[in-house]
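First the structure, in the form of structure tokens, and then the observations on it.
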Amino acid sequence: GDLKDVAISPTGRFIMVSTVNTNVYIYTLKGELLHVLDTAQMNNGQVSITPCNDMIAASGFTPEVHIWAVQFGKSATSNPFQQVQEAMDLSGHKSGVYSFSFSGDTRRAVTVSKDGTWRVFNIDVSWHLKEDPKLICCGTIAEEGPACVAMSQNGRVVAIATDVNINVYNADTAELMDTLEGVHSDSILGISFSDTGKYLYSSGQDKSVRVWLNRAGIVRDVESWRESLKVATNTSHKERLKQQIADATAHLNELSQK
């Protein structure tokens, strides 16, 4: 089938090539075919490699995201590939999944579906013992139609884009924290957070890429620092936390006045 996505695993152990039908091909970096995976989705929607753990995730026609583990042996042989094993499903939606995203440590995932809802999962589970992902929170998207989603590196905030607007939510409570309206003159094609989580990037059919300050992320950071301050015992650590809180709060106050 026609090529859809190409990605290299974070560990550098394999290359993933997906097609618009249901196939995902796994190669070594030298181009040797290791495995052909059938996603059983009728057609592949989004296919990607998780930020760590050597896993492949795929969405499509069905109302869940399937995740597989690409397993390698521990020996230092030239080709330690062992198998591709089904790890878990991100389920609960009633229609196909538009988009999904992972936190930087692959402990959390978020999905957004044609049924008008989005769901955040804890996927830091013993999948090899058949333990299922745990639902953290769920919410509804603001507008009908295609949507794309991104999770910040620390897993604290979720951004969902529909049409030309972006809403940013608390990833623990589903609370709406920020709204960016009319950010493009035509439909948004994709969104992602920077590695530091400070910025949110958006690309649109208007052929532009824009960069936004992740204000909700700053708020969540302040919340986290305040919780850490309650239990901190080291004096220098306390002072550092107080300074971080003061600087971030001042920054938010400046933004609110603009």
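The values are calculated or read from the model by the stated rules, or taken from the named source; none is laboratory data. Small disclaimer: the values here were computed from a predicted structure and weren't measured. Reconstructed Cβ throughout: ideal geometry from the backbone, glycine too, with neighbour counts over all protein chains shown. Calculation scope for accessible area: heavy atoms of the full protein, side chains included, ligands and nucleic acids excluded. Shrake-Rupley method; radii C 1.70, N 1.55, O 1.52, S 1.80 Å.
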Q) Taking region 204-227, which residues are open to solvent by 40 Å² or more (accessible area, probe 1.4 Å) and not charged (D, E, K, R)? A) Gln205, Val209, Val211, Trp212, Leu213, Val219, Trp225
Q) Looking at this structure, is Thr196 of a type in the set (Ser, Thr, Tyr), within 29 Å of Asn53 (Cβ to Cβ) and at pLDDT below 95? A) yes
Q: Filter region 228-258 down to residues that are without any contact (Cβ under 8 Å) to a residue 24 or more places away in the chain and small (Gly, Ala, Ser) and give me whichever is most open to solvent (accessible area, probe 1.4 Å).
A: Ser256
Q: Could you grab me the full set of residues in region 51-106 that are touching a strand residue (DSSP E or B) at 6+ places or on another chain (Cβ under 9 Å), among the small types (Gly, Ala, Ser) and free of Cβ contacts under 8 Å to residues at least 12 places away in the same chain?
A: Gly73
Q. What are the residues in region 180-203 that are assigned to a strand (DSSP E or B), touching a residue at least 24 places away in the same chain (Cβ under 8 Å) and open to solvent by 30 Å² or more (accessible area, probe 1.4 Å), if any?
A. Leu189, Ser192
(Q) Residue under question is Thr11, and the condition is that it be more than 20 Å from Asp115 (Cα to Cα), open to solvent by less than 70 Å² (accessible area, probe 1.4 Å) and either within 18 Å of the chain's Cα centre (by Cα) or in contact (Cβ under 8 Å) with a residue 12 or more places away in the chain (or both); does it hold? (A) no
Q) Would you pick out the residues in region 89-142 that are of a type outside the set (Lys, Arg), outside any loop (DSSP other than H, G, I, E, B), open to solvent by 40 Å² or more (accessible area, probe 1.4 Å) and within 16 Å of Ser192 (Cα to Cα)? A) Tyr98
(Q) Restricting to region 14-71, name every residue that is among the acidic types (Asp, Glu) and in a loop (DSSP other than H, G, I, E, B). (A) Glu32, Asp54, Glu64
Q) modelled with pLDDT under 95 and surrounded by 18 or more Cβ atoms within 10 Å (Cβ to Cβ) - does that describe any residue in region 167-179? A) no
Q | Every residue from region 143-166 that is hydrophobic (A, V, I, L, M, F, W, C) and either open to solvent by 60 Å² or more (accessible area, probe 1.4 Å) or in contact with a Leu (Cβ under 6 Å, 6 or more places away or on another chain) (or both) | A | Ala159, Ile166
